[in-house]
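Participant: Below you will find the structure I want to go over with you.
Quick note: the coordinates plus some simple rules give every number you see, no bench work behind them. Predicted model, so just to flag it, every value in this text is computed and none were measured. Don't worry about glycine lacking a Cβ; one is built from the backbone with ideal geometry, like all the others, and counts go over all protein chains shown.
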Amino acid sequence: MATAKAEKRTSRQSVNAKVGLAPGATGTDVDALQKYLKKFGYLGEAPPAGIVAHESHSIIDSRPIAQAGKFDESTEEALRQFQAMAGLPVTGVFDAATKAKTSAPRCGNPDVGSFVTTGGRWATTDLTYAFSEFSPDLDPAQCRQAVHQAFSTWAGWTRLTFREGPAATAQIIIRFVTGDHGDGAPFDGASGVLAHAFFPGTPPAAPTPIQGDTHFDEAETWTLNVPPGAGQIDLTTVAIHEFGHALGLNHTPVTGAVMQAFYGGPQRILHSDDVNGITSIYGGYNIAEASWVHGTAIQIELPENIEFVRRFGFFTRIIGRPNTTNWFHFAIPTPVIVNNERKTFGPCMLRFSTGGASALVRDVHLYDGEVRVAAHNNVNLSGSQPFTRFGIAHAPKVLWGVGISIGVTFGGGTAANRTMDFISAGCDFQP
Ligand SMILES: [Zn+2]
Ligand SMILES: [Zn+2]
């Protein structure tokens, strides 16, 4: 890995073109801009020689096709689409903000293109994944945790399950590789493109081996720490995004969604746009048999770190001492065994409200009565959370009863800022 680590010292340059490049310009600056727009799917390739294009769009590809080295109408249209997708002012000119965005860390999958309309999806909802290699930045258990959390995030909102299995039969192969790694989409060294993933096909066609495969650029320095250290990238966040592609989602222009093309630091919770996307493909999760407890059932692990606690009807209000952490625990009534069969975990659900970022639900851990079955770490939720869900990728059997443990960080500020109302907690059980 010596060469790979050496690459980490390099940093990605923005598109090498002068700021202010505008329609009508020609030359190598335009070439550089067009290369970037082509790479991320805003400009199509010119049709093969012999086919006369009557307009700026080819028949099989709706993307505009530009004349090489000329800032023509197609280049302007592509640039405007990029600016809209990136949340920039849509100027059609290669301005300073656009130049800066072209050097921002991002996903290597194109933003627009024919994938949008392929309707790719898996024919099964029970998927298997395997690691081809692990990142040398982390130990295998950490890589497994990031990947399990990422799959669990999607599993909270659909009936999809994800189990680690043998590579020979796994749909989703996970790789950590550098540079040219044999799939025609070489990685670019540190920063820039962080990862990419292959969309599923369209049933009933049998999936090809590469479909669903997810590759991480090992020239990045991957971490599970939040906030990541300087120059480090949050593996869990990027894995959630890439698995969205491996399930059939494309990039979205919606600000705050996990499926945006650009990496903006840790974000380990789906946005409603992501939930709408995944449920449009696989359907939503239908509750089978949920058990709930009121927030008054909560157990406080470290009472000495609590400034105030009081029961209000069905919820418990807690004010944490400034700059402390604590754990809160719920035991969910669990049928465990029905008709001689153990129940299967569905998602766990929480209803709570905090006085703001000074009362932060950091981690949500799920237990089966004996071991931890899922860890949603650094989800960092605050404010009004009327219905959040935490899935479990591999949908295990419930061994003895469901426990939910909630790690909370209390910051500074007023007592109101450090207030948490635990309203209720629940878990669904599948037969
Ligand atoms: Zn992407
Ligand atoms: Zn690849």
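Participant: Determine, for each peptide in 306-318, 248-260, the mean count of other beta carbons within 10 angstrom over its residues, then list the peptides with the highest first.
Facilitator: Taking the mean over residues of other Cβ atoms within 10 Å, the ranking is 248-260, 306-318.
Participant: How large is the charge dipole for segment 289-430, taken about the Cα centre, if only the Cβ atoms of Lys, Arg (+1) and Asp, Glu (-1) carry charge, to the nearest 20 debye?
Facilitator: Values: 12 positive and 10 negative charges, 46 e Å.
Dipole size: approximately 220 debye.
Participant: Residues of segment 307-321 with backbone nitrogen within less than 18 Å of a virtual label 7 Å along the Cα-to-Cβ line of Ala415, please, listed as ranges.
Facilitator: Only 307-313, 316-321 pass the distance filter.
Participant: Output the peptides 337-347, 354-364 sorted from most to least packed, where packing is the average of other Cβ atoms within 10 Å over each peptide's residues.
Facilitator: 354-364, 337-347
Participant: Next question. Using alpha carbons only, what's the Rg to Rh ratio of segment 360-431 with Rh from Kirkwood?
Facilitator: 1.02
Participant: Still on this structure, I have one more. Per 0.36 nm of contour for each residue apart, how much would the distance between Glu73 and Lys35 grow if the chain were fully extended, relative to their Cα-Cα spacing?
Facilitator: Numbers: separation 38, 0.36 × 38 = 13.68 nm, distance 1.58 nm.
So the chain would gain 12.1 nm between Glu73 and Lys35.
Participant: Given a cut-off of under 8 Å on Cα pairs at least six residues apart, what relative contact order in percent is computed for segment 116-282? Present the calculation step by step, with values, prior to reporting the outcome.
Facilitator: Working: 312 pairs, mean separation 42.9, N = 167.
This gives 26 percent for segment 116-282.
Participant: Based on the Cα gyration tensor of the chain, what are the three equivalent ellipsoid semi-axes, each the root of five times an eigenvalue, rounded to whole Å and given largest first?
Facilitator: They are 43, 25, 20 Å, listed largest first.
Participant: Contact order normalised by length for the chain, with contacts defined as Cα pairs under 8 Å and 6 or more residues apart; what percent is it?
Facilitator: So the answer I get is 15 percent.
Participant: Moving to a separate point now. Compute the label zone of Arg159 within segment 238-263: residues whose backbone N is under 19 Å from the point 7 Å along Cα-to-Cβ.
Facilitator: It comes to 247-248, nothing else.
Participant: Right, next: Considering lysine pairs in the chain that are 8 or more places apart or on different chains, how many have Cα atoms under 29 Å apart?
Facilitator: 29
Participant: Whole Å is fine, so just give me how far the alpha carbon centre of segment 385-426 lies from that of segment 304-376.
Facilitator: Each part reduced to its Cα centre gives a spacing of 4 Å.
Participant: Here's a follow-up. Taking 0.36 nm per intervening residue step and subtracting the Cα-Cα distance, what contour gain separates Lys18 from Arg317 on full extension? Intermediate values should be presented prior to the final figure.
Facilitator: Numbers: separation 299, 0.36 × 299 = 107.64 nm, distance 5.67 nm.
Value of the extension gain: 102.0 nm.
Participant: Using unit Cβ charges (K, R positive; D, E negative) and no other charged atoms, how large, in debye to the nearest 20, is the dipole of segment 116-282 about its Cα centre?
Facilitator: 580
Participant: Could you check the simple spin-label distance between Arg372 and Val338, using points 7 Å along Cα→Cβ, in nm with one decimal?
Facilitator: 2.9
Participant: Distance between the C-alpha centers of segment 79-111 and segment 168-246? Whole Å please.
Facilitator: Comparing the Cα centres of segment 79-111 and segment 168-246, I get a distance of 22 Å.
Participant: While we're here: Taking every DSSP beta bridge that has both residues in the chain, what percent is antiparallel when rounded to the nearest 5?
Facilitator: Just about 80 percent of them are antiparallel.
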